[in-house]
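Here the structure is laid out as structure tokens; the discussion comes afterwards.
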Amino acid sequence: MAEIEFKSVAKSFDKVGVIAGLDLRVQDGEFIVFVGPSGCGKSTALRMIAGLEETTAGDIQIGGRSVTGLAPSDRNVAMVFQSYALYPHMTVAGNIGFPLKMAGRPAAEIALRVKEAADVLDLGPYLGRRPAQLSGGQRQRVALGRAIVRHPDVFLFDEPLSNLDADLRVSMRGEIMRLRERIRATMIYVTHDQTEAMTMGDRIAVFAPLKDGHGRNLMQVGRPEELYERPANLFVARFLGSPKMNLIEVGEGEMLPFGTMDLGPRPDGHHGALLLGVRPEDIRIAGAGTPGLAGRIRLVEALGAEYYVHVETEAGELIVRVMDKRLRPVSGEAVALQPASTAFHLFDKATGSRV
Ligand code: ADP
């Protein structure tokens with residue numbers, strides 16, 4: 001059992017708050033991704049689970065037991081970092097077995113567990129090689145092997161793929177997902193990359209930096225599609241999705257206009273200024289003069305499989321994602337934008353919360 005629970009956890013460095021009011025329960029066997037911009041405390045949260053940092057306040061429990069004051073080596077947690085420092089003079093087998101050797105395990109047991117880890121990662125044929133004789137992906141797998149061999153209850157991944165080139169990142173992403181299917185353990189994966197978060201996590205926890213050391217970091221926790229379809233606030237709405245969600249200001253007391261179209265009345269009892277959010281894929285480009293928000297195409301980014309079309313309107317510049325290749329939007333063209341009927345989000349402008 002390795003459920004992990006943060007209970008009102010806070011962390012400061014030199015009196016500067018980095019993490020505050022962190023309450024989160026990670027289920028046993030779950031793969032959860034901590035995602036957020038650089039510097040918002042994700043890595044610190046992970047390091048507190050591992051015991052590499054102490055909490056300033058609150059408590060962390062692993063498997064129902066408080067780990068405050070417990071040495072890293074007594075937590076049965078393995079951490080995989082982005083810089084996978086392998087020992088160049090040791091073979092793959094030596095590298096994978098190293099943690100067991102340090103723990104003084106007998107040679108026969110080490111050999112068995114190294115073979116088992118190598119099988120999981122398809123590294124069997126390479127056990128006698130040295131790191132210099134491996135590809136980047138194989139080296140990363142050796143680093144995973146070194147974590148697996150200890151049979152930890154919890155795997156903590158700290159941006160393990162951010163040093164790899166794009167192709168390798170995609171293949172390693174698959175590798176970690178496969179590992180996840182073969183090994184039952186609780187896994188927490190830290191990244192600033194929303195694509196990694198969306199594709200890998202059973203659940204995602206979106207982190208934001210504290211404001212002047214105050215407030216809280218955790219913006220929303222849920223399944224990827226939940227967060228994408230119903231972001232709880234502007235931060236999550238703008239962080240997940242590429243290109244970012246478009247936002248249109250709606251003044252106090254106004255209806256929800258989209259050019260000449262009307263998206264209906266405001267939510268009951270809400271009179272203040274709002275932001276109307278529409279994702280780029282939820283807008284359709286129609287001919288000039290048809291109902292909708294009139295505009296002019298300013299820029300067309302052709303990405304091969306799709307276009308990102310930047311349209312100047314009276315409500316500001318909006319980005320539309322066009323996936324129908326028969327449409328050939330042209331810069332300078334006058335158009336009307338129409339939202340897919342229900343695909344819009346409303347946020348309170350002052351608080352950023354969904355209304
Ligand atoms: P993330 O993983 O989200 O990029 P980090 O947890 O690494 O963020 O860092 C959060 C903040 O805490 C940053 O402002 C960073 O500079 C600060 N920080 C992290 N570790 C230390 C440390 N050992 N001493 C002082 N400040 C630190």
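The table below gives the values:
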read-out	value
Subset of the range 9-28 [in contact (Cβ under 8 Å) with a residue 12 or more places away in the chain and more than 22 Å from the chain's Cα centre (by Cα)]	Ser12, Val16, Gly17
Search result, residues across the range 162-202 that are part of a helix (DSSP H, G or I), within 16 Å of the ligand (Cβ to nearest atom) and of a type in the set (Gly, Ala, Ser)	Ala197
Members of the range 258-274 found to be in a strand (DSSP E or B) and touching a residue at least 12 places away in the same chain (Cβ under 8 Å), listed by number	Phe258, Met261, Leu274
Boolean, Val154 is of a type outside the set (Asp, Glu) and either surrounded by fewer than 22 Cβ atoms within 10 Å (Cβ to Cβ) or in contact with a Leu (Cβ under 8 Å, 6 or more places away or on another chain) (or both)	no
The one condition in (1) farther than 30 Å from Leu112 by Cβ; (2) within 16 Å of the ligand (Cβ to nearest atom); (3) touching a Gly at 6+ places or on another chain (Cβ under 8 Å) that Tyr228 fails to fulfil	(2)
Filter result for the condition that a residue is within 18 Å of the chain's Cα centre (by Cα), within 28 Å of Asp193 (Cβ to Cβ) and of a type in the set (Gly, Ala, Ser), over Ala45, Ala50, Ala85	Ala45
Gln138 under 23 Å from Glu5 (Cβ atoms) and free of Cβ contacts under 8 Å to residues at least 60 places away in the same chain	no
Matching residues in the range 5-54 - criterion: being surrounded by 17 or more Cβ atoms within 10 Å (Cβ to Cβ), farther than 16 Å from Asp153 by Cα and among the charged types (D, E, K, R)	Lys11, Lys42, Glu53
Options Ser38, Ser12, Ser43, Ser66; residue that is small (Gly, Ala, Ser), in contact with an Asp or Glu (Cβ under 6 Å, 6 or more places away or on another chain) and within 16 Å of the ligand (Cβ to nearest atom)	Ser43
Ala205 vs. criteria surrounded by 19 or more Cβ atoms within 10 Å (Cβ to Cβ), in a helix (DSSP H, G or I) and of a type in the set (Gly, Ala, Ser)	no
Any hit, the range 183-191, residues being touching a Leu at 6+ places or on another chain (Cβ under 7 Å), under 19 Å from Tyr228 (Cα atoms) and at pLDDT 95 or above	yes
Count of residues meeting criterion [surrounded by fewer than 12 Cβ atoms within 10 Å (Cβ to Cβ) and β-branched (Val, Ile, Thr)] in the range 296-337	1
Test: Arg169 is in contact (Cβ under 8 Å) with a residue 60 or more places away in the chain, among the basic types (Lys, Arg) and in the same structural domain as Ala78 (by TED's automatic domain parsing)	no
Test result for Ala350, in a loop (DSSP other than H, G, I, E, B) and within 30 Å of Ala208 (Cα to Cα)	yes
Qualifying residue in the range 150-158 (condition: away from the ligand (no atom under 16 Å from the Cβ), among the acidic types (Asp, Glu) and within 28 Å of Leu46 (Cα to Cα))	yes
Residues being under 11 Å from the mean Cα position of the chain (by Cα) and either among the small types (Gly, Ala, Ser) or farther than 24 Å from Leu22 by Cβ (or both) - total across the range 195-240	5
Number of positions in the range 118-127 that are under 29 Å from the mean Cα position of the chain (by Cα) and not in a helix (DSSP H, G or I)	3
Residues satisfying the stated conditions in the range 55-76, i.e. touching a Ser or Thr at 6+ places or on another chain (Cβ under 9 Å) and either free of Cβ contacts under 8 Å to residues at least 12 places away in the same chain or buried (at least 17 other Cβ atoms within 10 Å of the Cβ) (or both)	Thr55, Gly58, Ile60, Ile62
Residue count for the range 302-338, restricted to those that are closer than 22 Å to Glu252 by Cα and touching an Asp or Glu at 6+ places or on another chain (Cβ under 9 Å)	3
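The values are calculated or read from the model by the stated rules, or taken from the named source; none is laboratory data. Here the structure is a predicted model, which is why all the values come from computation and not from measurement. For neighbour counting, all protein chains shown are included, and Cβ atoms are generated from backbone atoms with ideal geometry for every residue, glycine included.
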